Every structure is written in C-alpha cells, then in structure tokens.
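Okay, so here's the structure we're looking at.
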Amino acid sequence: MNLPKAYERTEADQTVEVSMTINGSPVTMSLPARITLSDALRDHLGLTGTHVGCEHGICGMCTVLVDGEAARACLLFAVQLDGAEITTVEGLGRPDDLHPLQEAFGHHHGLQCGFCTPGFLMSSYDLLEHQPDVKREDLPAELSGVLCRCTGYRNIIDAVHDVAETYREGIPAPGNCGHRTLVGRSPAGSSGAAGVDDDSVVEPDAEPRPEEIALPSGEPTIQIDVTKDLTASPEDVARVFADVRLLARCLPGAELTDELGDNWYRGRARIALGPVRLSFNGIAHVLDQSADRIAMNAQGKDKGGGGAQAGIVMTASPSAAGTTLRAEASVFLTGRIAGFGRSLAGDVSRRMFEDFARAVDQVASGAEPDGVTSQPPSAVAIVVAALADRARDLMKRTRNRTRKYREAHRRNR
Ligand code: FES
Ligand code: FES
C-alpha cells in the first residue's frame, strides 16, 4: 500500500523528501518528519516573512495559503504537504509592485511593529478572495484569527475595507508568484542551498565542507556578550587561543573530531536539558586567529532536526588580575532547541561560557580542565544555576522595589 508520506513511519533522525510549489516555484527538500511548515519555510528556504509567534495556532502570525486556503503554518508538518501549493507573504507582491493589500496597509498605517502584518495580509487576502462582498462591520470577527499586540486593529480594518470596496469584483491574485522568490540558504548544519525556480534538493544530512558558513541575516535567537576575569596571564591565554584543539577541550560537552584544513574543523557538542538530550554534529571555520582574538562561524544540527548557527568572537585583554576574556556570539537556533525559549537558552549559553572561561583559565595555567570535554554539561546543574541566577535577580528587584516604595511612603507622610 502506498501511504501518504505523513503516515509512513519515520525515525526521528530520518529525513523525508518533500516537494511543494512555493510562490509558484517548485522546490524539493529533505526534511526531518517533525519539521513544521513554518520552520521549513523560514529555516530551510529563508522565507522569513512568515512570522512565528505562539507556535500553538493561537496568534495567526504564521498564516499562509495552502492550496488556496488560509492555514497556520506552525500547525502543519511539512511532510504533510507533499505536492501542495503554498503562498507566503513574499509571494503577495514585489517590492516595486506591491499587492493592493500591502499598499492599503501602508496607506492606512495598518501596522506598528509589523510583527502581525504578514499574518493579517495573508488572512485578509484569503477573506477577500472568498468573500469579496464582506461588510465592514463583519471585518473584526472575520479577521479575529490574527492577533495584533500593538492595538492597530482600527487601521487594519480600514485598510482591508478600503481594498474590499475597491475590488468588489475580486481581489487581484498574488503578484510575486513564479518569479525567483525563494531566497535559498543553507539550513543549520547543511551545505545545500535551497531550490530557487528549479527542482533543487536540500540535503540536511550531507556534511561536506561548505564554501562558507553563511549566518542568517535576521535577528539572532540569542545574543551573547559576556566577560570574565581570568587569573592566567595574557601570554598563557594566547597559547590557548593559538591551539583550536585546546580551545575545544575547554568547551563543556564539545569534541573536535576532524581537522579539515584551511582552518576548518569538524566536531560534536552535546547538551542535556532535562529529559531532552541534544547532540550536535557540526563544522566550524576559524576566520581570524591572533594572540588576543579568535573569530569563528560554526553550525551544527542535532538528530531531531534542531539546528544551530553561531558567529563567535573571543577577545583577551590584560587586566589587573590577569586577563579579561570576552565572548560575543550571535546564535541562531531552529527546531526543537528553539522551543526552549530565548531567555532560558540565553541563560544556559551564558552559563556554558562561564564554564568555558573557567576551563580556559585552568588550561592556560597548565592545569587540566575539570569535568570537561566530551561529557554533556550537567542538565540539572546548568538549568538550576540559570534559574538560581533569575531567582537572585528577582529578589534583588523585589528588594529594590520595596526600598523605593518605603522611601516614597516616608516622603509622603
Ligand atoms: S505562530 Fe502559528 S498561530 Fe501563532
Ligand atoms: S503591528 Fe505590532 S503586532 Fe501588530
């Protein structure tokens, strides 16, 4: 029996080949079965116009057209959509020839931060296509499937009503389909570029050395900028900076498995968060390496379809106590690891950096780093430490508020 792909059994680390037509362009992707349509669009095809808010089907930010009907991209697995026609907000209009809905949202100022706008555009397109005679008084209820947190509803209603009045005979079709709208980019851990107008195949499992690690241009999931004072001298830290193998040994859970030449390295990193164990296989490219600075791009993916890309710069500068180590990193997460939430993932990353800095201090001073290398960092320790940090912050804020309140109360007596 030929089962549809969505109903065939696949293991978590298996990929399924899925073909769709997206904004008029055919594309084939090899995707883990658990990838949602919104993640496939954003992370594998670079179509980041489809926004993701709640990932629970509530906010409507991720609305796209699937075979001409509005659908929540966060609630569909990409493998369910083999053969489907998808239209995203990128397909609606071109920068030099916007769709009337886009024009109207601009004209009526139907947006503030713009986060909900793609969802509203696609949802209102679907509404006007199916109900061109919709009445103004029905618009609030008809558009209630998308939430705007900036309270821009009145202007949004004005914009949609304006277009409805102008196009009672039928709203113009999306104007950017069939053009080269897919901005292909490598998903984290993959070397393949996404298809454009042809039948390209994205192969997330292929791990040949890419030409370069291209980081996404958008906002990173986590931005890290932390400094730590080390007791080791700048000269000793420079010795660690000069040896990528030594440096990798300082990172909890990381292991360098291969040197690929020309400053390219292959490795793995493991992290356990509660019951979730992530094991990233990845690749790193050292872009710049000197006695006091090392810059690299890295990317990896875990078997469950999670991906991480990072641009990392570490600098060492002399300090009264020895050396100040600073790490700046832009981290882009996709898949299930992104589901931990930015804030907790950020806390965990910062905590890992502190462990790393401590290990660099030990190695630079000639000692063996304690409890490092290929063991995954302790889930409980990291999360508990991160939560303890938060609890301390909260108590501090509460104490400050109480003190301010008492002072104000005293002044007013
Ligand atoms: S992200 Fe899909 S409904 Fe909120
Ligand atoms: S304009 Fe900001 S969420 Fe709607």
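The values are calculated or read from the model by the stated rules, or taken from the named source; none is laboratory data. These figures come from a predicted structure and were not determined experimentally. Cβ sites come from the backbone with ideal geometry, for glycine too, and all protein chains shown count toward neighbours.
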Quick one: LEU81 ticks every box in (1) touching a Pro at 6+ places or on another chain (Cβ under 6 Å); (2) more than 14 Å from ligand 1 (Cβ to nearest atom); (3) of a type outside the set (D, E, K, R) except a single one, so which number is it? (1)
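Each row is one residue, and each column tells you yes or no for (1) of a type in the set (Lys, Arg); (2) over 23 Å from the mean Cα position of the chain (by Cα).
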residue: ASP82; (1), (2): no, yes
residue: THR88; (1), (2): no, no
residue: LEU101; (1), (2): no, yes
residue: GLN112; (1), (2): no, no
residue: LEU128; (1), (2): no, yes
residue: ARG149; (1), (2): yes, no
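Out of the residues in the range 30-74 that are acidic (Asp, Glu) and either within 16 Å of ligand 2 (Cβ to nearest atom) or surrounded by fewer than 19 Cβ atoms within 10 Å (Cβ to Cβ) (or both), state the one that is farthest from TYR125 (Cα to Cα). Don't jump to the end; show me each part of the working.
Of the range 30-74, the ones acidic (Asp, Glu) are 39, 43, 55, 67, 69.
Checking which are either within 16 Å of ligand 2 (Cβ to nearest atom) or surrounded by fewer than 19 Cβ atoms within 10 Å (Cβ to Cβ) (or both) leaves us with 55, 67, 69.
Values: GLU55: 22, ASP67: 14, GLU69: 10 Å.
Restricting to residues being acidic (Asp, Glu) and either within 16 Å of ligand 2 (Cβ to nearest atom) or surrounded by fewer than 19 Cβ atoms within 10 Å (Cβ to Cβ) (or both), the top hit is GLU55.
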Contact list, first residue from the range 113-133 and farther than 17 Å from LEU47 by Cβ and in a loop (DSSP other than H, G, I, E, B), second anywhere and away from ligand 1 (no atom under 14 Å from the Cβ) and hydroxyl-bearing (Ser, Thr, Tyr), beta-carbon distance below 9 Å, six or more apart or interchain, is PRO132/TYR167
Note on the range 134-170: residues among the hydroxyl-bearing types (Ser, Thr, Tyr), in a helix (DSSP H, G or I) and within 16 Å of ligand 2 (Cβ to nearest atom) are TYR153
Taking into account only those residues within the range 56-77 that are among the aliphatic types (A, V, I, L, M) and either modelled with pLDDT under 95 or within 6 Å of ligand 1 (Cβ to nearest atom) (or both), which is nearest to CYS150 (Cα to Cα)? MET61
Report, by residue number, each residue of the range 99-112 that is aliphatic (A, V, I, L, M) and either touching a residue at least 60 places away in the same chain (Cβ under 8 Å) or within 16 Å of ligand 1 (Cβ to nearest atom) (or both). LEU101
Given the structure, is GLY93 in contact (Cβ under 8 Å) with a residue 12 or more places away in the chain, small (Gly, Ala, Ser) and within 16 Å of ligand 2 (Cβ to nearest atom)? no
